[in-house]
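The structure appears right after this line, and notes come after that.
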Amino acid sequence: MSKVYLVGAGPGDPELLTLKALRVLAEAEVVLYDRLVSAAILELVNPLAERIYVGKVRGEQAHVQREILHLLLAYARSGRKVVRLKGGDPMIYGRGGEEWLFLAQQGISVELVPGISSALALPGMVGIPLTLRGVGRGFAVMCGQTQGGSLPDIAPYAQIDTLVILMGVEQRAELAANLIRVGRDPWEPCAFIENGSMPEERVILTSLASVAQRDVAVKAPAVWVIGAVVMVREQLQAIASLAASSSIVTTMELPVNFSVTSRKQTVAVEHG
């Protein structure tokens, strides 16, 4: 039976690929890849493989997706080793589930090679834990846009301790305003992780109110994190700055309790 590999490329840094993804890419004969797959990862693809760019732009998603399904089916039936390469993880806002269902209905076998999702990895990589005892008991990941281009229903996310938004840069002001409208604190800290894990990475720390007021300049792709846990990054930066400025190297220990502070908000963080 013909087979297609759904492979997650992770957030961009090739060192974050899984070993299995690396092996499959080296053996591939056809690779259909998305816009968010980095050039560094494409360099790891079998040099003899046919590479087909199938990235989408706003307004053309439906048309391009139909073409992707047609190409996957045609190449799979040709008997070649086909890889569908997606940024992040194929099953997290990557339409991997749709492609798997379509191929299965056509009698094509599919094997998933999971990737590291930017929603889960990038916050931690810049010093923002998605959960933290006493501060963030849980988190949710949402998409900042709907299939029709309208704003998603934000109400279910009003009480989530930590909220991660993917594909929300373009409508960030409207999303922030709606989050405030349904009850989130306007002064709640936010972070945008732009081009995460890549050399051009940039982290913007701000507040929900500033985003709603259109005061925050950020470019896609960026992961948007909302919640008190964002302030942990500032604590880590302050500790690093203090250590760098000290002329004597000492062992630094955090107290049992320290505070994460944001303009109009103080949250206790427990350790130990």
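Suppose the filter is surrounded by fewer than 17 Cβ atoms within 10 Å (Cβ to Cβ) and either under 23 Å from residue 92 (Cβ atoms) or modelled with pLDDT under 95 (or both); does residue 238 pass it?
Values: surrounded by fewer than 17 Cβ atoms within 10 Å (Cβ to Cβ): yes; either under 23 Å from residue 92 (Cβ atoms) or modelled with pLDDT under 95 (or both): yes.
So residue 238 fits the description; yes.
If you take the residues in the stretch 130-145 that are surrounded by fewer than 19 Cβ atoms within 10 Å (Cβ to Cβ), of a type outside the set (S, T, N, Q) and over 14 Å from the mean Cα position of the chain (by Cα), which one is nearest to residue 225 (Cα to Cα)?
By that ranking, first place goes to 138.
With respect to residue 96, is the statement that it is within 30 Å of residue 144 (Cα to Cα), open to solvent by 10 Å² or more (accessible area, probe 1.4 Å) and either touching a residue at least 60 places away in the same chain (Cβ under 8 Å) or in contact with a strand residue (DSSP E or B) (Cβ under 7 Å, 6 or more places away or on another chain) (or both) true?
On the way: within 30 Å of residue 144 (Cα to Cα): yes; open to solvent by 10 Å² or more (accessible area, probe 1.4 Å): no; either touching a residue at least 60 places away in the same chain (Cβ under 8 Å) or in contact with a strand residue (DSSP E or B) (Cβ under 7 Å, 6 or more places away or on another chain) (or both): yes.
When the stated conditions are applied, residue 96 does not pass them.
Scan the stretch 184-192 and tell me whether some residue there is open to solvent by less than 10 Å² (accessible area, probe 1.4 Å), within 23 Å of residue 9 (Cβ to Cβ) and assigned to a loop (DSSP other than H, G, I, E, B).
For the stretch 184-192, residues open to solvent by less than 10 Å² (accessible area, probe 1.4 Å), within 23 Å of residue 9 (Cβ to Cβ) and assigned to a loop (DSSP other than H, G, I, E, B): absent.
Determine which member of the set 215, 161 is open to solvent by 10 Å² or more (accessible area, probe 1.4 Å), more than 22 Å from residue 88 (Cα to Cα), under 19 Å from the mean Cα position of the chain (by Cα) and of a type in the set (Asp, Glu).
On the way: 215 fails: under 19 Å from the mean Cα position of the chain (by Cα).
Going through 215, 161 in turn, just one is open to solvent by 10 Å² or more (accessible area, probe 1.4 Å), more than 22 Å from residue 88 (Cα to Cα), under 19 Å from the mean Cα position of the chain (by Cα) and of a type in the set (Asp, Glu): 161.
Would you check if there is a residue in the stretch 39-56 being at pLDDT 95 or above, within 25 Å of residue 196 (Cβ to Cβ) and part of a strand (DSSP E or B)?
yes
Of all residues in the stretch 60-93, which are hydrophobic (A, V, I, L, M, F, W, C) and either open to solvent by 30 Å² or more (accessible area, probe 1.4 Å) or in a helix (DSSP H, G or I) (or both)?
Going through the stretch 60-93, the residues hydrophobic (A, V, I, L, M, F, W, C) turn out to be 62, 64, 68-69, 71-74, 76, 82-83, 85, 91-92.
Of everything in the stretch 60-93, those that are hydrophobic (A, V, I, L, M, F, W, C) and either open to solvent by 30 Å² or more (accessible area, probe 1.4 Å) or in a helix (DSSP H, G or I) (or both) turn out to be 62, 64, 68, 69, 71, 72, 73, 74, 76, 91, 92.
Considering each of 38, 2 in turn, give the residue that is open to solvent by less than 50 Å² (accessible area, probe 1.4 Å), among the polar types (S, T, N, Q) and closer than 17 Å to residue 115 by Cα.
38
The values are calculated or read from the model by the stated rules, or taken from the named source; none is laboratory data. Remember, predicted model here, so these are calculated numbers, not experimental data. Don't worry about glycine lacking a Cβ; one is built from the backbone with ideal geometry, like all the others, and counts go over all protein chains shown. Keep in mind that these areas ignore ligands, DNA and RNA; they rest on the heavy atoms of the full protein, side chains included. Shrake-Rupley method; radii C 1.70, N 1.55, O 1.52, S 1.80 Å.
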